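This report concerns only the one structure given below.
The values are calculated or read from the model by the stated rules, or taken from the named source; none is laboratory data. Here the structure is a predicted model, which is why all the values come from computation and not from measurement. Note that each Cβ is placed from the backbone with ideal geometry, even for glycine, and that neighbours are counted across all protein chains shown.
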Amino acid sequence: MSVQVTDVDVPEAGDVGGIGDALRDYSRRVRGGEVGSLPAVLGLIALVALFSILQGDTFFTALNFANLLNQGTAIIVLAMGLVFVLLLGEIDLSAGFAAGTSAAVLGVTLTKQGWVWPLALLAALATGLVIGFLIGLLVARLGIPSFVVTLAAFLGLQGVMLLIIGEGGTIPIQSDILLAVMNKNMPVWGGWLLWAIVVFGYAAISLRAILSRRRIGLAGSATSVWIAKVVSLAVLFGGVVYLLNIQRQIVRPGRQTCDVVGDINQPVGCIPIIQGVPWAVLVILVLLIIGTFILGRTSYGRHIYAVGGNAEAARRAGISVSMIKISCFMICSFMAAIAGVLIASRDNSVSPTTGGAQTLLFAVGAAVIGGTSLFGGRGRVIDAVIGGLVVAVIANGLPLVTQQSGIQYVVTGLVLLVAASVDAISRKRTSAA
Amino acid sequence: MSDQTPILQLRGVNKSFGPVQVLKNVDLKVYSGKVTALVGDNGAGKSTLIKGIAGIYPFDSGEYLFEGKPVHISEPRQANALGIEVVYQDLALCDNLDVVHNMFLGREQSKGLILDEITMERRAKETLAGLSVRTLKSVRQQVSSLSGGQRQTVAIARAVLWNSKVVILDEPTAALGVAQTEQVLNLVRRLADNGLAVIIISHNMNEVLRVSDNVACLYLGNLAAQVPAEHLTHSQIVELITTGRSGDMGLHPDVLNGAAL
């Protein structure tokens, strides 16, 4: 065969380029339409800068940073679940009320039935799985568009929730452990321990992958790129831990601080020390790692991308498309159930509005803003975290700037619209390439 | 050619969809190391024939011999297990996955729970190198960034990855430009030179004459003739396709009359 002019040799194995090459490669992919989380990261930086300039003394404080995470947690977890469904090119509009219904089950079993908290928690999570299974069954087996099925579930679950809770009732959550998740913080050393585990764990796993590729003679990323990634993670996550470990309560002159919260021997009227990484951050990290592992490292995850990219190709390759669909809806509602428990923990109670209002739209917005495509096939679990932070910053920062809720709605709507446009444009670009 | 046992042989296969008989008593012989072109007008039954071979629509009656032994194929998995792979016209690739992922789609290699990316990438590279494919920049490129010819190459490489013995290509060059068609035809030739049996469906007579060793022509569900390519001219193939006969080749006039009715 004559060698064609267009032929390009497969790159040699080993160390391919340094940081420069990696950046050039990245910018080429971005221009080709694979923007990923880039717009969300830039947006996050811009928003934080904007609010810090406008309302620095209230926005950029340790207390508000912790608040912001607290507000964003449930949305991030919901969005993580939605990523699985969005990857298939489907939607789950009922996730907000799946969260609410699961929380209602938690409240009733825990407070009214007097179950121990692990059992009540299991019941709530199982509720999520059942909801997801039913939705998935209707979408995958009967072929009803997910938009319609989950819209029906959105209305239906709202009713189920009312029936479980009872009209107009609010059920308090009485479990110190469940309440601690959203209301208590890790000790200062715990935050740094978490930092060390995450940073060194990431460094070790990624280094091992690079080395085993080189041993076999395949191209792996350069050592300099690896170092840059590890250092950025260490600095970024270290900054977060540092900020959260600052004492958040403002102590006015003449007031004492309590050394140990809840100690009876504390001076009267002392101000409790609030510092440390909220336990909720640990929940998000664990879910992020599990979700990323499933999507990126298992054949099940690979099949989810395949079904989202080309369902017919996946079917012909022997992948059970309906099994994938049903399981993704189950994962989504399961994550919604976790989000429901988190909301109940934050509010100390369950009410008919739990998981309602804009919860779902914020979560869908978070996933899409983070870079998960509405058209399926493209997205990662970390998108939900990045996008969720953007949503949380807007929801937290905007009320500090303007009291008009009208403006807040309009801005949030516009941000979602911009994210969806970026998604649509990048999709056009990649398909044109 | 005739002294060799065909790796795949069909004897008198029939297939009907309701009242319509699509395949009538079709005989076909496919040899290792040879390219067999399957030609025929639209509706002649080419697609039904390959779908029957692949197990998507099992034949109603007739014999299906693989390596000389009768087999019964009623679903695609059985055909795959024998080493029969089909590359469909739409290629069935996932745009959002890279080349390696596509080649191993549905048959991923794992170590325990974790995907064995290294083994998959190495095997993908070996397969591509075995086919002398030099047009891919990286096997970690997303398929969405590939040209039509490169996609076809990936789809064909996927088909031969599994120690396949028979590869069926459904109009592999229909959507390609001149240079890319050239690349794919070279690849088809190399598959046969590597010892595989190749069946190629094509509407392009020059292509058929250039790349194939023998030509099987379907006419209204009948196999008009299966002839070595060197005995055929362009116009004879066209005649076989359009009338079912050419000189002393092709269907007996009685069959033709029957077919026309």
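Please go through segment B:142-162 and give me each residue that is closer than 25 Å to A:A209 by Cβ and more than 10 Å from chain A (Cβ to nearest Cβ), ordered by number.
If the condition is that a residue be closer than 25 Å to A:A209 by Cβ and more than 10 Å from chain A (Cβ to nearest Cβ), then B:V154, B:A157, B:L161 are the ones that fit.
Given the structure, is A:G365 within 14 Å of another protein chain (Cβ to nearest Cβ), in a helix (DSSP H, G or I) and either at positive phi or crowded, with 24+ Cβ neighbours inside 10 Å (or both)? Before you say what the answer is, go through the steps one by one.
Values: within 14 Å of another protein chain (Cβ to nearest Cβ): no; in a helix (DSSP H, G or I): yes; either at positive phi or crowded, with 24+ Cβ neighbours inside 10 Å (or both): yes.
Taking the combined requirement at face value, the residue does not satisfy it.
Which one of A:I135, A:I131, A:I197 is modelled with pLDDT of 90 or more, surrounded by fewer than 17 Cβ atoms within 10 Å (Cβ to Cβ) and at negative phi?
Values: A:I135 fails: surrounded by fewer than 17 Cβ atoms within 10 Å (Cβ to Cβ); A:I131 fails: surrounded by fewer than 17 Cβ atoms within 10 Å (Cβ to Cβ).
Of A:I135, A:I131, A:I197, the one residue that is modelled with pLDDT of 90 or more, surrounded by fewer than 17 Cβ atoms within 10 Å (Cβ to Cβ) and at negative phi is A:I197.
Does segment A:315-333 contain any residue that is under 25 Å from A:L38 (Cα atoms), within 13 Å of chain B (Cβ to nearest Cβ) and of a type in the set (V, I, T)? First the steps, then the outcome.
Kept after step one, since they are under 25 Å from A:L38 (Cα atoms), are these residues of segment A:315-333: A:332.
With the extra rule that they be within 13 Å of chain B (Cβ to nearest Cβ), the set shrinks to none.
Taking every residue of segment A:315-333 in turn, none turns out to be under 25 Å from A:L38 (Cα atoms), within 13 Å of chain B (Cβ to nearest Cβ) and of a type in the set (V, I, T).
Those residues that are part of a loop (DSSP other than H, G, I, E, B) and either under 19 Å from A:I216 (Cα atoms) or of a type in the set (S, T, Y) (or both), I need them from segment B:73-103; list them, please.
Filtering segment B:73-103 down to residues part of a loop (DSSP other than H, G, I, E, B) leaves B:73-75, B:83, B:88-97.
Scanning segment B:73-103 gives B:S74, B:Y88.
Of all residues in segment B:126-139, which are more than 7 Å from chain A (Cβ to nearest Cβ), of a type in the set (D, E, K, R) and surrounded by 16 or more Cβ atoms within 10 Å (Cβ to Cβ)?
Selection gives nothing.
So, of the residues in segment B:231-254 that are over 18 Å from B:G43 (Cα atoms) and aliphatic (A, V, I, L, M), which turns out to be surrounded by the most Cβ atoms within 10 Å (Cβ to Cβ)?
B:L232
Exactly one condition in (1) at pLDDT below 90; (2) within 14 Å of chain B (Cβ to nearest Cβ); (3) part of a helix (DSSP H, G or I) is false for A:E34; which is it?
(3)
Which members of segment A:76-120 meet the condition of being in contact with a Phe, Trp or Tyr (Cβ under 7 Å, 6 or more places away or on another chain) and not small (G, A, S)?
Answer for segment A:76-120, where residues must be in contact with a Phe, Trp or Tyr (Cβ under 7 Å, 6 or more places away or on another chain) and not small (G, A, S): A:V85, A:L87, A:I91, A:D92, A:L93, A:F97, A:T109, A:L110.
Determine which member of the set A:L68, A:L106, A:L38, A:L78 is surrounded by fewer than 24 Cβ atoms within 10 Å (Cβ to Cβ), under 16 Å from A:L342 (Cα atoms) and touching a Gly at 6+ places or on another chain (Cβ under 9 Å). Walk me through it before giving the result.
Numbers: A:L106 fails: surrounded by fewer than 24 Cβ atoms within 10 Å (Cβ to Cβ); A:L38 fails: under 16 Å from A:L342 (Cα atoms); A:L78 fails: surrounded by fewer than 24 Cβ atoms within 10 Å (Cβ to Cβ).
Among A:L68, A:L106, A:L38, A:L78, only A:L68 is surrounded by fewer than 24 Cβ atoms within 10 Å (Cβ to Cβ), under 16 Å from A:L342 (Cα atoms) and touching a Gly at 6+ places or on another chain (Cβ under 9 Å).
Could we say that A:A336 is more than 12 Å from A:A74 (Cβ to Cβ) and among the small types (G, A, S) here?
Working: more than 12 Å from A:A74 (Cβ to Cβ): no; among the small types (G, A, S): yes.
So A:A336 fails the test.
Name every residue in segment A:120-146 that is among the small types (G, A, S) and closer than 30 Å to A:I173 by Cα, in order of residue number.
Restricting attention to segment A:120-146, the residues satisfying the condition of being among the small types (G, A, S) are A:120, A:123-124, A:126, A:128, A:132, A:136, A:140, A:143, A:146.
Scanning segment A:120-146 gives A:A120, A:A123, A:A124, A:A126, A:G128, A:G132.
Can you find a residue that is under 23 Å from the mean Cα position of the chain (by Cα), under 18 Å from A:L42 (Cβ atoms), within 14 Å of chain B (Cβ to nearest Cβ) and surrounded by 12 or more Cβ atoms within 10 Å (Cβ to Cβ) anywhere in segment A:402-421?
No, there is no match, as no residue in segment A:402-421 is under 23 Å from the mean Cα position of the chain (by Cα), under 18 Å from A:L42 (Cβ atoms), within 14 Å of chain B (Cβ to nearest Cβ) and surrounded by 12 or more Cβ atoms within 10 Å (Cβ to Cβ).
Would you say A:I45 is away from chain B (no Cβ under 13 Å) and modelled with pLDDT under 85? Walk me through it before giving the result.
On the way: away from chain B (no Cβ under 13 Å): yes; modelled with pLDDT under 85: no.
Answer is no for this residue.
Would segment B:212-230 turn up any residue that is surrounded by fewer than 22 Cβ atoms within 10 Å (Cβ to Cβ) and without any contact (Cβ under 8 Å) to a residue 24 or more places away in the chain?
yes
Any residue that is aliphatic (A, V, I, L, M), outside any helix (DSSP H, G or I) and touching a residue at least 60 places away in the same chain (Cβ under 8 Å) - is there at least one of those in segment A:80-91?
yes
Search segment B:60-86 for residues being small (G, A, S) and in contact with a Ser or Thr (Cβ under 9 Å, 6 or more places away or on another chain), and hand back the single one that is nearest to B:V154 (Cα to Cα). Give the steps one after another, and end with the answer.
The first filter runs over segment B:60-86 and keeps only residues small (G, A, S), leaving B:61-62, B:68, B:74, B:79, B:81, B:83.
Imposing the further condition that a residue be in contact with a Ser or Thr (Cβ under 9 Å, 6 or more places away or on another chain) reduces the set to B:68, B:83.
On the way: B:G68: 31, B:G83: 18 Å.
Looking at the filtered set, the residue picked out is B:G83.
Which of the residues spanning segment B:87-112 are β-branched (V, I, T) and either within 12 Å of B:A159 (Cα to Cα) or within 8 Å of chain A (Cβ to nearest Cβ) (or both)? Step through it out loud before you land on a result.
Taking segment B:87-112 and keeping what is β-branched (V, I, T), we get B:87, B:99-100.
Selection gives B:V87 alone.
If you take the residues of segment B:113-125 that are among the aliphatic types (A, V, I, L, M) and at the interface with chain A (Cβ under 8 Å from one of its Cβ atoms), which of them is farthest from A:G379 (Cα to Cα)?
It comes out as B:I118.
On the phi < 0 side of the Ramachandran plot and in a loop (DSSP other than H, G, I, E, B): which single residue out of B:A175, B:A129, B:A124, B:A157 fits that description? Step through it out loud before you land on a result.
Details: B:A129 fails: in a loop (DSSP other than H, G, I, E, B); B:A124 fails: in a loop (DSSP other than H, G, I, E, B); B:A157 fails: in a loop (DSSP other than H, G, I, E, B).
None of the others qualify; the one that does is B:A175.
Which one of these is among the aliphatic types (A, V, I, L, M), within 25 Å of A:L361 (Cα to Cα), within 11 Å of another protein chain (Cβ to nearest Cβ) and in a helix (DSSP H, G or I): A:V307, A:V281?
Details: A:V281 fails: within 11 Å of another protein chain (Cβ to nearest Cβ).
Residue meeting the stated conditions: A:V307.
Report yes if A:F293 is assigned to a helix (DSSP H, G or I), away from every other protein chain (no Cβ under 14 Å) and among the aromatic types (F, W, Y), otherwise no. If you could, list the steps in order and put the result at the bottom.
Details: assigned to a helix (DSSP H, G or I): yes; away from every other protein chain (no Cβ under 14 Å): no; among the aromatic types (F, W, Y): yes.
No: the conditions fail for A:F293.
In segment B:83-97, what count of residues is obtained for those that are out of contact with any Asp or Glu (no Cβ under 6 Å at 6 or more places or on another chain) and surrounded by fewer than 20 Cβ atoms within 10 Å (Cβ to Cβ)?
Step one: filter segment B:83-97 for residues out of contact with any Asp or Glu (no Cβ under 6 Å at 6 or more places or on another chain), giving B:83-87, B:90-97.
Within this subset, residues satisfying the condition of being surrounded by fewer than 20 Cβ atoms within 10 Å (Cβ to Cβ) are B:83, B:90, B:92, B:95.
Counting residues in segment B:83-97 that are out of contact with any Asp or Glu (no Cβ under 6 Å at 6 or more places or on another chain) and surrounded by fewer than 20 Cβ atoms within 10 Å (Cβ to Cβ) gives 4.
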